[in-house]
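Any read-out appearing in this document is the output of simple, stated calculations on the displayed coordinates, not a laboratory observation. As the structure is a computational prediction, the values presented were derived from the model and not from experiment. Cβ atoms come from the backbone with ideal geometry, glycine included; neighbour counts cover every protein chain shown.
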Amino acid sequence: MTLAAVALALTLVGDLTAQQLPTAIPQTKFVSGQNVVPYFEGWIRNADGSFDLVFGYFNRNWQEELAIAAGPDNIVEPGAPDRGQPTYFLPRRQGWVFRVRVPKDFGKQVLTWTVKANGKTEKAYGELLPVEEITSARLSPSRCNWVSTVSSSRQNCGCMVFIASGRFSTRWATPSWRERVKQSMAILGSEKGARAM
């Protein structure tokens, strides 16, 4: 090895040790400034033949909570600008947030939820694909977000709780979580179940 090669190697090693090596990749967690991605969770068949299309969202920010009014930056189409979609977006993934009732003759139509946040537009497309049907076999707890066959045309509560077979178990629920469950059940018209908890 020549003297020049050794000097170059020592210079490079010196540069590397003088710099602090990163212990985390920067910009993997964004506190704010990121977009909101709407999600189509699936659809529920109602007893009267109509369907509920279920949506959630992913606010990519770790701390920023966004308020986006129903309108051009937060719209479900086709239909009126306000279809019960959330207007306040908590950080991270929020599943099963609201439902839109569609008629039994909805067929192959598509319902689109568009959200524009921090300069970026995202869309979720809801349609009645058989693989997207939400049945009792698919129901499971997920971060205080449950789904149901309880019918309601407009749902926009913080923690939706639904009953798949007329019963609801709160074995793993914390006291504050139980209160949110009771409030949600009352909103859904299941007063008897809310009182029993």
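How would you rank Y39, Y88, Y57, going from fewest to most other Cβ atoms within 10 Å of each one's own Cβ?
Numbers: Y39 19, Y88 11, Y57 24.
Ascending Cβ contact count within 10 Å gives the list Y88, Y39, Y57.
Quick one: length gained pulling K123 to A69 fully straight, 0.36 nm per residue minus the C-alpha distance?
Length difference between fully extended and current span is 17.8 nm.
Tell me, T114, T2 in order of fewest to most beta-carbon neighbours within 10 Å?
T2, T114
Out of all Cα-Cα pairs in the range 20-122, roughly what percent, to the nearest whole number, are more than 21 Å apart?
Within the range 20-122, distances greater than 21 Å cover 40 percent of Cα pairs.
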